[in-house]
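The values are calculated or read from the model by the stated rules, or taken from the named source; none is laboratory data. Keep in mind the model is a prediction, meaning the values are calculated, not measured. Methodologically, a virtual Cβ is constructed for each residue, glycine included, from the backbone with ideal geometry; neighbour enumeration extends over all protein chains shown. The area values use the complete protein model at the heavy-atom level, side chains included, leaving out ligands, DNA and RNA. Shrake-Rupley method; radii C 1.70, N 1.55, O 1.52, S 1.80 Å.
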Amino acid sequence: MSLLIDNIGSLVTNDPDWGGLLGLIPDAAVVIDEEHSGAGTAAGTGSRSVPSGSGRVAWVGPRADAPDADRRIDAGGCAVLPGFVESHSHLVFAGERAEEFAARMAGQKYAAGGIRSTLAATRAATEADLARNVDRLLGEYLAQGTTTVEVKSGYGQSVADERRSLDVARSRTPFTTLLAAHVTPPEFAGRADDYVAMVIDEMVPACAPLASWIDVFCEQGAFDEDQSRAVLTAGRRAGLGVRVHGNQLHQGPGIQLAVELGAASVDHVCHTDDADIEALAASSTVATLLPAADFSTRNKYPNARRLWDAGVTVALGADCNPGTSYTTSMPFVIALAVRDLRLTPDEAVWAATAGGARALQRDDIGVLRPGSSADLVLLAAPSHLHLAYRPGVPLVHAVLKNGTQVAGSPH
């Protein structure tokens, strides 16, 4: 079976063969091969009713050249773009931290220690409670056009709780990350080196089968360079890829460490110097920018314009977590990136789609070309420019995952 999405006002392909950064095709159409789409759990969506099959893009181009298909959807002049790719989220948690947010807005400075309140709530929650919360948040992501989500652990920080967190995440997405070294838990207060040793000797071996990457919060108040390197190296020995939370609150070693270890991404990247930018530009490590976290903490925004102009590969993420970025809205992140990070609308859309895919080391998502995953977003707008032009407006009209509609309503 095949599906034709016809009468597309403007199609973002992210395929350079169509010219420009976004590979825009006006008055376009897409044909999807639905042969392998079926019921089950979708990779990266969390909804048990979402198709888990492999519906693929069969053809893209001007609608006048579109081949015949078994079914047709009239896009009604909507803009269509690849599903957003979220490469940085912390969804396995319990509780919330609204009062902490209010205190920051009243002038209290953000520090990494607030994570410990979520740690206590998460440890006390049942696995069913955690799963329900993950499904709720993944549903929010999907309704706003995000079709792929990476999920980190990091709010358990015991072997059993980290493994439980990853088990919940892995049942909903293949993109899972062991963030064992988030902060030092209370039972290891003043003994960060002992905690790092436990992570290396016990937690990594127990949790690695449920994760694709290892991550660490390399930051003042969390883990220093030597501790971070030890954790990341242990994860790499266990077969995990490397990710790093780096240079969020202060200038530090996180970016250089990420490049040294060949990390898939270094995330936040708010404090950089010339050497950091040069190292990133010369590497394959993606700089994942998380402006909603900086918005929520009144932290310094990253110098996205300079990173992009230097040739650094940039991704955008929402960083959904209960303490510093309790949002699942990639359209909001795109608007922030244009207004406050000074990316162009085209650059921000690319970073939220193809950039996120690169941070996850995938080339079959975040793009619409023959053979790619049929993950599409239809906007109630004629152009992707409206994502930044009309901030806060629910523009996502319909979402397809693996070629099957999972949110919104078609024309």
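Some points to look at:
- Matching residues in segment 140-163 - criterion: being open to solvent by 10 Å² or more (accessible area, probe 1.4 Å) and part of a loop (DSSP other than H, G, I, E, B): 144, 158
- Matching strands (runs of 3 or more DSSP E) fully within segment 356-411 where at least 3 residues are touching a helix residue (DSSP H, G or I) at 6+ places or on another chain (Cβ under 9 Å) and not small (Gly, Ala, Ser): 396-401
- Contacts under 8 angstrom Cβ, first residue in segment 126-153 being under 24 Å from residue 359 (Cβ atoms), partner open to solvent by less than 50 Å² (accessible area, probe 1.4 Å) and basic (Lys, Arg), 6 or more apart: 134/172; 135/172; 138/172; 142/401; 147/401; 151/172
- Residue 96 satisfies every condition listed in (1) on the phi < 0 side of the Ramachandran plot; (2) in contact with a helix residue (DSSP H, G or I) (Cβ under 8 Å, 6 or more places away or on another chain) except (2).
- Some residue of segment 369-385 being closer than 26 Å to residue 3 by Cβ, surrounded by fewer than 24 Cβ atoms within 10 Å (Cβ to Cβ), of a type in the set (D, E, K, R) and in contact with a strand residue (DSSP E or B) (Cβ under 8 Å, 6 or more places away or on another chain): yes
- Among the helices (runs of 4 or more DSSP H) confined to segment 250-327, there are none with at least 3 residues that are closer than 26 Å to residue 109 by Cβ and modelled with pLDDT under 95.
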